[in-house]
Amino acid sequence: MSRLLLTSLRGIILIGALFCLVAMGFLPLLAFAIVDGDPAFTPYLALYISAAELALVCVPVSLVSLWRLLTRVRDDRIFEPDAFRGVDVIIGAAALATALTAGVVLHSWIFHVPGHIVPTFLLILLGLAGLGFVLTMLVMRSLLLRATQLRTEMAEVI
């Protein structure tokens with residue numbers, strides 16, 4: 001992978017992490033604005049803010065792991081067994097964020113939380129996207145495992 005591409009990807013990672021941190025700061029302000037518009041939402045405020053903040057924490061965790069994986073690619077060490085730790089962290093963080101999103105959707109349906117259908121629809125889409133991402137990452141992990149095995153076998157033959 002070229003240096004320019006690696007540097008570009010790292011820049012995108014930094015921008016994503018910065019955006020996530022800004023979103024984490026503005027999330028309580030947005031939640032209080034929602035409560036001002038609909039006071040019936042007040043009992044659920046702390047629960048939903050906590051779930052959203054935890055889901056947002058998963059993003060920088062994944063981005064740090066992705067940064068480490070890019071470093072391994074640069075050093076041509078991606079096909080070593082240690083690389084799986086980074087992939088597993090990304091899968092775990094994505095699964096946690098998806099579970100939190102699904103939990104919020106289920107909670108809002110079970111307890112008939114007041115609000116509009118649009119946020120629930122968007123949460124369902126986010127949950128499905130998260131599930132798709134986790135499944136894709138599991139496939140990519142199995143491909144990395146197979147490539148690592150093949151590289152080890154090739155090294156033994158040579």
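No lab work stands behind these numbers, since they all come straight from the coordinates. Keep in mind that what you see is a predicted model, and the values were worked out from it rather than measured. Positions of Cβ are generated from backbone atoms using ideal geometry, with glycine treated the same way; all protein chains shown enter the neighbour counts.
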At R0 = 25 Å, FRET efficiency that the Cβ-Cβ distance of residue 88 and residue 21 yields, to 0.05: 0.55
Gaussian network model of the chain, springs between alpha carbon atoms under 10 Å - residue of 16, 132, 37 with greatest fluctuation: 37
The range 1-125: projected area of the alpha-carbon convex hull, averaged over directions, in nm²: 8.7
Unit charges at the beta carbon, dipole of the chain: most positive-side option, 89, 37, 154: 154
For the chain, calculated [θ]222 nm from helices alone, where every DSSP H run of n ≥ 4 adds -39500 (n - 2.57): -31000 deg cm²/dmol
Gain in span if fully extended, residue 107 to residue 135, counting 0.36 nm per residue against the direct Cα distance: 7.7 nm
Kirkwood estimate for the range 3-42, i.e. one over the average of 1/r between Cα atoms, Å: 12.2
